[in-house]
1. Can ILE176 be described as modelled with pLDDT of 95 or more, under 17 Å from ALA253 (Cα atoms) and surrounded by fewer than 22 Cβ atoms within 10 Å (Cβ to Cβ)?
2. How many residues does the range 291-326 hold that are of a type in the set (Lys, Arg) and surrounded by 18 or more Cβ atoms within 10 Å (Cβ to Cβ)?
3. Answer yes if at least one residue in the range 294-310 is modelled with pLDDT under 95, within 23 Å of ALA184 (Cβ to Cβ) and not in a strand (DSSP E or B), and no otherwise.
4. Being within 16 Å of VAL106 (Cβ to Cβ), open to solvent by 80 Å² or more (accessible area, probe 1.4 Å) and assigned to a loop (DSSP other than H, G, I, E, B) is the filter here, so list the residues in the range 327-378 that pass it.
5. Could you list, in sequence order, the residues of the range 84-118 that are among the basic types (Lys, Arg) and either open to solvent by less than 10 Å² (accessible area, probe 1.4 Å) or under 24 Å from VAL160 (Cβ atoms) (or both)?
6. Take the range 279-320 and flag every residue that is free of Cβ contacts under 8 Å to residues at least 40 places away in the same chain and touching a strand residue (DSSP E or B) at 6+ places or on another chain (Cβ under 6 Å).
7. Answer yes or no as to whether ILE211 is open to solvent by less than 10 Å² (accessible area, probe 1.4 Å) and in a loop (DSSP other than H, G, I, E, B).
8. Those residues that are within 16 Å of PRO241 (Cα to Cα) and out of contact with any His (no Cβ under 7 Å at 6 or more places or on another chain), I need them from the range 203-217; list them, please.
Amino acid sequence: MSAPARKSAAGGGRGPVAALVLVAAGVFAFLISYSVLAMVLRGGGGGGGDGGGIAGVGAEGRRDPVVRMPEWMRKAGGPGARGRRRPFHVALTATDAAYSRWQCRVMYYWYKQMQARPEGADMGGFTRVLHSGKPDGLMDEIPTFVVDPLPAGKDHGYVVLNRPWAFVQWLQKSKIEEEYILMAEPDHIFVKPLPNLAYDNDPAAFPFFYITPSEHEKIIRKYYPEERGPITNVDPIGNSPVIIKKTLLEKIAPTWMNVSLQMKEDQETDKAFGWVLEMYAYAVASALHGVQHILRKDFMIQPPFDKKLDNTFIIHFTYGCDYTLKGVLTYGKIGEWRFDKRTYQDRPPPRNITLPPPGVPESVVALVKMVNEATANLPRWDEGL
């Protein structure tokens, strides 16, 4: 601003120069407001990690995968969005093995409990997609759709490779009334009613700390070449838990299946990704279709490392929980008190599992109590249906 202009502005804004100053000030304020708004909508700035998040861009131009969700999106995509229900269909893939059956029974028990609550309005139908190729003893207890497994030897002993193929078949052959689908797993327990966390064509997913596409860029580029876009387009997720529009999943699922098979047959990829190979395949398949996910850290917790329930919706009991009788974690070493799903490969856990000793985190205590409640109410539990 020139010296005369500054003088005129200081003198009370009289005259044509003052008018120009006011216009300039207005434009300047608009630019500031626009910049701040743009930063918020991009997810830039101080992203929090204690709540929901969306993919955004950090201050240095790098994509920050978990930043705080803008309030407008939280309200728009939350329960009661636009004054109507947005129900999702719960689908989990499973085998007919005892190990899978008892987890499915516990999972389905808590799904029904949470769906029945007033806040469970978005929780729609339920399907266990059974990829063993034949019915089992749970057909009358849990809504089940039987699909074929991969041809013999095609999974190379990696049973999870059947998951994308199971979803392809289910989506093609079944009638699903809901617009959205929640892809879940047998070792998920709903701890409170789950609203639809997706927002229109933006699915919602949980960010896994061990899914790191940028650290495996050389391998990822075999399936997601550079001309497709930056490696940050590949989200740090697996296929579960994910809430996604059915129409999007119908497009992604065949690609997910093909990428999974290609990855498994490539020795370098198989060695690098190991037991999470199929998760990387889903993330790559989504990116190939231009789909990125709202990353929700509050989607679920994984005891014993996540110690508090906070505001989570799901407990994922994939890890063993081992403690001394003084409540000290002994991960990697069998504890004096333990709960590990792998202990029960060929039979269900007993009813009324002993509660953890004092000092064990609330997440583990809640997990055991919820398993105990389910087993106390499920008929013929000890028979291992």
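The values are calculated or read from the model by the stated rules, or taken from the named source; none is laboratory data. Since this is a predicted model, take the numbers as computed values, not measurements. Ideal geometry is used to build each Cβ from the backbone, glycine not excepted, and the neighbour counts take in all protein chains shown. Accessible surface is based on the protein model in full, side chains and every heavy atom, while ligands, DNA and RNA are left aside. Shrake-Rupley method; radii C 1.70, N 1.55, O 1.52, S 1.80 Å.
1. Here the answer is yes, as ILE176 does meet what is asked.
2. Number of matching residues: 2.
3. So far as the range 294-310 goes, yes, one or more of its residues are modelled with pLDDT under 95, within 23 Å of ALA184 (Cβ to Cβ) and not in a strand (DSSP E or B).
4. Listed by number, the residues that qualify are GLN345, ARG347, ARG351, ASN352.
5. ARG86, ARG101, ARG105
6. Selection gives GLN302 alone.
7. Spelling it out, ILE211 is indeed open to solvent by less than 10 Å² (accessible area, probe 1.4 Å) and in a loop (DSSP other than H, G, I, E, B).
8. If the condition is that a residue be within 16 Å of PRO241 (Cα to Cα) and out of contact with any His (no Cβ under 7 Å at 6 or more places or on another chain), then PHE206, PRO207, PHE208, PHE209, TYR210, ILE211 are the ones that fit.
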